[in-house]
Structure formats: C-alpha cells, structure tokens
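Here the structure is laid out as structure tokens; the discussion comes afterwards.
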Amino acid sequence: MEAAPNGRFDVLGHSFGGCLALRLLADHPERVRSLVLIEPVKFAAADAAELEDHWLEMTRFDVAMARGDHVKAARMFMEVWGDGTDFDDLSDLQRAYVIDRIPLIPAMAPSITEDIHDVLNRLPAGRPPTLIVARHNPPDIVRSICDGLQRHMPQARQARTGSGHMIPLTDTGDLAQVVRDFWRDAAAMDDAE
C-alpha cells in the first residue's frame, strides 16, 4: 500500500496477481475503485468437483515436485497453465526462469486453495465494479473459479478473450480493448454517483 497512489485506484491482476488483487480488495476495500481479474487462480472459489478433477490433472506435477524434479514439474505446469508454447521451445533463460520459480506454485497453495486469509468471505458484495476475464472456451477449472468469484461479488461481470492462460502476453490488444471498455463503463458509473 505504500507504493499505491493516493485515494482510490484501479487494480488489475493476472493469474496469481488476480489472487493478490482480491487480497488487496479484501484488506482495503475503500481504496479500490475498480477491479480487473484475468484468469485468477483462486481455486478456493471453484466448485469442489471441478477442483478435484483439476488436482487429478496436476498429479504428474505433484509427483515431479515430490521427487525434486523441477524440470519435469515445470514442463507439466506449462502444459496446463502456459501459453501453448512447448517448454522445450523456450529459450535457455526462459526455461531457467520457470524452473527456478516452480517451487512457488506449491508454496502458494494455502492462500489460493485453502483461502487461509479468508479473502472470499471478506469481499465486498456491491462495490467496486469488477471484471473477471477468461479465455474463450476456458477449461472447467477456470470457468468454475470465475463463476465462484462472481457468486462472492455479484456486481462482477465476465468477459472472454484470448485462447490461453497467458492472455496479457498472447492477446494483448484484445485484452486492452476489453479492459478499456470496462474502465469506461466503470468511470461512467463512478461519475453518476
């Protein structure tokens, strides 16, 4: 919050950044003017059956992590949550970046899966204007997270753009237009109040 602008401000977060944005909103609802969540991975919001299916899909990742095989875990993670680029097609620097950070995935689990900070129950129901963005034809777990978040924030609306989880990198122009349109509408609502 020390780095945040004075007064109310707009918050945009992608993936785990969406989870951080939700925590910011829960902790400081009076400061957030609008919220944009792009495929947030707040698994605690998902339907239990969809979550169980996702954990089954991630079994190979869990096994690789348990064995300390960060290369294999990174490869498995990228298959599910990457931008469609094959792990082996990344540059050496990009592969090293993912491998070095792959332990962060299980480290985040208590926050995003168990909601240990009780974020979901502390989200304001009427404000701020909120947009939840997912790819076209999202996987069941992504759709379930988005729907679950909308149940916690009925003021939220959903939009679809892009074709993979890494929308800010792969579909920048389309995402920018969706966000611009949302911010225009949110500003009009703010002015009307």
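All of (1) closer than 22 Å to V178 by Cα; (2) buried (at least 18 other Cβ atoms within 10 Å of the Cβ); (3) under 14 Å from the mean Cα position of the chain (by Cα) hold for S34 with one exception: (3).
Please find, among A73, A96, A64, the residue that is in a helix (DSSP H, G or I), over 19 Å from the mean Cα position of the chain (by Cα) and free of Cβ contacts under 8 Å to residues at least 12 places away in the same chain. Outline the logic, then answer.
Working: A73 fails: free of Cβ contacts under 8 Å to residues at least 12 places away in the same chain; A64 fails: free of Cβ contacts under 8 Å to residues at least 12 places away in the same chain.
The conditions single out A96.
Of the set (1) at pLDDT 95 or above; (2) in contact with a Leu (Cβ under 9 Å, 6 or more places away or on another chain); (3) in a helix (DSSP H, G or I), all apply to I132 but (3).
Hey, does segment 25-39 have a residue that's more than 27 Å from L131 (Cβ to Cβ) and touching a helix residue (DSSP H, G or I) at 6+ places or on another chain (Cβ under 6 Å)? Steps first, answer last, please.
Taking segment 25-39 as the starting set, the residues that turn out to be more than 27 Å from L131 (Cβ to Cβ) are none.
The answer is no; no qualifying residue exists.
Could you look through segment 103-140, keep only residues that are of a type in the set (V, I, T) and under 23 Å from E50 (Cα atoms), and pick out the one that is surrounded by the fewest Cβ atoms within 10 Å (Cβ to Cβ)? Within segment 103-140, the match that is surrounded by the fewest Cβ atoms within 10 Å (Cβ to Cβ) is I116.
Would you check if Q150 is more than 19 Å from W81 (Cα to Cα), out of contact with any strand residue (DSSP E or B) (no Cβ under 9 Å at 6 or more places or on another chain) and outside any loop (DSSP other than H, G, I, E, B)?
Details: more than 19 Å from W81 (Cα to Cα): yes; out of contact with any strand residue (DSSP E or B) (no Cβ under 9 Å at 6 or more places or on another chain): no; outside any loop (DSSP other than H, G, I, E, B): yes.
Spelling it out, it is not the case that Q150 is more than 19 Å from W81 (Cα to Cα), out of contact with any strand residue (DSSP E or B) (no Cβ under 9 Å at 6 or more places or on another chain) and outside any loop (DSSP other than H, G, I, E, B).
Residues that are surrounded by 13 or more Cβ atoms within 10 Å (Cβ to Cβ) and either in a helix (DSSP H, G or I) or modelled with pLDDT of 95 or more (or both) within segment 84-93 comprise just one, F87. Of the residues in segment 172-187, at least one is in contact with a Leu (Cβ under 6 Å, 6 or more places away or on another chain), part of a helix (DSSP H, G or I), assigned by TED's automatic domain parsing to the domain that holds V119 and closer than 20 Å to G126 by Cα.
The values are calculated or read from the model by the stated rules, or taken from the named source; none is laboratory data. The structure displayed is predicted, hence computed values, not measured ones. FYI the Cβ positions are ideal-geometry reconstructions off the backbone, even for glycines, and counts take in every protein chain you see.
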